[in-house]
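Engineer: Pasting a structure below so you can have a look.
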Ligand SMILES: Nc1ncnc2c1ncn2[C@@H]1O[C@H](COP(=O)(O)OP(=O)(O)OP(=O)(O)O)[C@@H](O)[C@H]1O
Ligand SMILES: [Mg+2]
């Protein structure tokens, strides 16, 4: 594979992760909510779109009896909306909880989603891989398909970036920031903080669902082990490295992490420790995270002044 | 005409009885001072009125409606706004944003309108900014409008707290020690402002203060609290000369 092709693949993954990080930044950067269910929203988007755009499986070994063969646009939209709804559903009972408890509940919820996917074979093909997910305009692109998909994904990243940036700087975003700082204050100022938290959760989850759909339609085949909590942790690392509260930071952080993880794939297996590469890749992310937190606690593009404000008592 | 009614309020924390059998009425456009020693239950009583605590017993009636079971934000939307004794500035937000947050019925707080940035969103924001500017000028915080609130001094934080509450344009404002840490010259102007707001905008005030002189100057009625209960209630002169109040709180001050 030529280097350009390689970079395109890395770029597509970076785009998908950027969407995930944009959603997470609304939760954590804007609203201060500890969401650990992101892999679950990603999975809901991927499976929804995959199920809606493929026919039911046929043949004697077929387990999946559901499939709709609908256009891909419908699948992507439905995956986005359903992930948002699942986000609200998870948030309804949990979003009032103090930080750490919210983290535990959302982490369990994401695992629950993954186990449901694993077990409900009639809907998802269960432990087997859900295959033959169609690619948009597959046969009609006259040039490199990866180039087309790269442009598609990053165009969507651009649109979402502008939308979330606008929301964050709007009066709506101002209430989210107030919740992040101290949620008694917006409450005393007449804001229904519970409803604002639900909205934040739903919107961020929806964008993770969109990322899931884009991922499913790129890789042809998905299975439940693709949606382990490690994805959530990587997205957290991306948001923190990029700088919580900054949407450009979220995109940069996601891109840095994807790049770091993907370049280590091309180290040959016969170098020392070559057989331990998958662990080393995780360690690299950890080391970068620690270095950033140590030398630049606000993250690469975070606001140092905001972090400092009020800490000098 | 009665605006606020507290009926037999009681609040305990474990074994501590913080507020007990507190009943009183506040008339529209009245300025009511609340005094009493540390731990008398003044702030707890405010939290019961504002909905931050649920009373064990008793009811709160505001503008003819029983609001005992309403959430704090619903009370604010009906015009009953509180400030915090310890200023709760939003440290990671700028002074101007602290102020703008307080405007009520802001159309831009709806997701779709915010995403579309409609003209009504922009117009509302513009009007709110003008109001915020006027208040910040008055509170001598205008030059600090783009500063993070966390960088303000203690007194400035109290002023911002007050400005934010005024920005919400309440009918009844509960002020918990608004003058604490504010310099004397500005205190005078704050007191004047409170009286002006009452006269010009028909606002009603309930003010907790340890600055007895200030309270006596602006209050129509003073409530003296002690050990969770109302010990004395009347005009400033009556409360000031009440034997029980002298003993419990005012001591050598008279
Ligand atoms: N959340 C709480 N948990 C336990 N005890 C509390 C709580 N809030 C208040 N108290 C107790 O209730 C009593 C009344 O407290 P409160 O804050 O109402 O006093 P205060 O009159 O406002 O005093 P100060 O003038 O010092 O502000 C005190 O004994 C206090 O310790
Ligand atoms: Mg108090």
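Nothing in this text is a laboratory measurement; each read-out follows from the coordinates by a stated rule. These numbers come from a predicted model, not from an experiment. Glycine gets a Cβ as well: all are built from the backbone with ideal geometry, and neighbour counts include every protein chain shown.
Engineer: Count, for each residue of B:75-86, the Cβ atoms from other chains sitting within 10 Å of its Cβ, then give me the mean as a whole number.
Structural biologist: Mean shielding count: 2.
Engineer: Right, another one. Return a whole-number percent for the relative contact order of chain A, with Cα pairs under 8 Å and 6 or more residues apart as the contact set. It would help to have the intermediate numbers written out before the result.
Structural biologist: Numbers: 538 pairs, mean separation 98.2, N = 313.
Relative contact order of chain A: 31 percent.
Engineer: If I take the Cα coordinates of the protein assembly as shown and project them onto the principal axes, what are the three extents in Å, biggest first?
Structural biologist: 93, 49, 47
Engineer: Roughly what % antiparallel, to the nearest 5, for the DSSP beta bridges in region B:143-254?
Structural biologist: The answer is about 50 percent antiparallel.
Engineer: Helix B:184-201 versus the longest principal axis of chain B: what is the Cα-based angle in degrees, 0 to 90, to the nearest 10?
Structural biologist: In chain B, helix B:184-201 runs at an angle near 80 degrees to the longest axis.
Engineer: Separate question: Would you please give the FRET efficiency between residue B:110 and residue B:196, computed as 1/(1 + (r/R0)^6) with r the Cβ-Cβ distance and R0 = 35 Å, to the nearest 0.05?
Structural biologist: That pair, residue B:110 with residue B:196, gives E of 0.55.
Engineer: What distance in nm separates the two pseudo spin-label positions at residue B:142 and residue A:98, each 7 Å out from Cα along the beta-carbon direction?
Structural biologist: 4.3
Engineer: Okay, moving on. What are the extents of the Cα atoms of chain B along their three principal axes, listed from largest to smallest and rounded to whole Å?
Structural biologist: 61, 40, 36
Engineer: Using a 10 angstrom cutoff on alpha carbons, build the Gaussian network for chain A and name the most mobile of A:44, A:271, A:287.
Structural biologist: Taking springs between Cα atoms under 10 Å, the residue moving most is A:271.
Engineer: Using only helices, what value at 222 nm comes out for the protein assembly as shown when you add -39,500 (n - 2.57) per DSSP H run of length 4 or more and divide by the total residues, to the nearest 500 deg cm²/dmol?
Structural biologist: On the way: 22 runs with 300 residues, N = 567.
The helix contribution divided over the protein assembly as shown gives -17000 deg cm²/dmol.
Engineer: Using a simple spin-label model with points 7 Å from Cα along the Cα→Cβ vector, what separation in nm is obtained for residue A:220 and residue A:294?
Structural biologist: Inter-label distance under the simple model: 4.4 nm.
Engineer: May I ask you to order B:163-171, A:277-285, A:14-22, B:110-118 by the average number of other C-beta atoms within 10 Å around their residues, highest value first? Numbers along the way, then the final one.
Structural biologist: Values: B:163-171: 21.9, A:277-285: 13.8, A:14-22: 28.1, B:110-118: 16.0.
The peptides rank, most packed first, as A:14-22, B:163-171, B:110-118, A:277-285.
Engineer: In peptide B:93-99, how many Cβ atoms from other protein chains are near each Cβ within 10 Å, on average? Walk me through the numbers before you get to the answer.
Structural biologist: On the way: counts 9, 3, 0, 0, 6, 5, 0.
Counting other chains' Cβ atoms within 10 Å and averaging over B:93-99 gives 3.
Engineer: Related question: With a Förster radius of 51 Å, plug the Cβ-Cβ distance of residue A:276 and residue A:166 into 1/(1 + (r/R0)^6) and report the FRET value to the nearest 0.05. List each step's numbers first, then the result.
Structural biologist: Numbers: r = 45 Å, r/R0 = 0.88.
After rounding, the FRET efficiency stands at 0.70.
Engineer: Rounded to the nearest 5, what % of DSSP beta bridges with both residues in chain B are antiparallel?
Structural biologist: Counting only bridges with both partners in chain B, antiparallel ones make up about 55 percent.
Engineer: Just want to confirm a number: the relative contact order over chain B, from Cα pairs under 8 angstrom separated by 6+ residues, in percent.
Structural biologist: The normalised contact order for chain B reaches 27 percent.
Engineer: If one computes the Cα centroid of region B:137-172 and of region B:208-232, what distance in Å separates the two points?
Structural biologist: The two parts, judged by their Cα centres, are 25 Å apart.
Engineer: Out of the DSSP beta bridges found with both residues in the protein assembly as shown, what percent are antiparallel (nearest 5)?
Structural biologist: Within the protein assembly as shown, antiparallel bridges account for around 60 percent of the total.
Engineer: Taking the Cα-to-Cβ direction at residue A:6 and at residue B:74 and moving 7 Å from each Cα, how far apart do the two end points lie in nm?
Structural biologist: In this crude label model, residue A:6 to residue B:74 measures out at 6.2 nm.
Engineer: While we're on this one: Sort out for me the Cα centre separation of region A:70-133 from region B:1-74, rounded to whole Å.
Structural biologist: Centre-to-centre distance over Cα atoms comes out at 45 Å.
Engineer: Calculate how steeply helix A:247-263 sits against the longest principal axis of the alpha-carbon atoms of chain A, using the helix alpha-carbon long axis, and give the answer as 0 to 90 degrees to the nearest 10.
Structural biologist: It is inclined by approximately 40 degrees.
Engineer: Helix A:3-24 sits at what angle to the longest principal axis of chain A, using alpha carbons and giving 0 to 90 degrees rounded to 10?
Structural biologist: 50
Engineer: Take the alpha carbon atoms of region A:167-213, find their center, do the same for region A:5-66, and report the distance between the two centers in whole angstrom.
Structural biologist: 22
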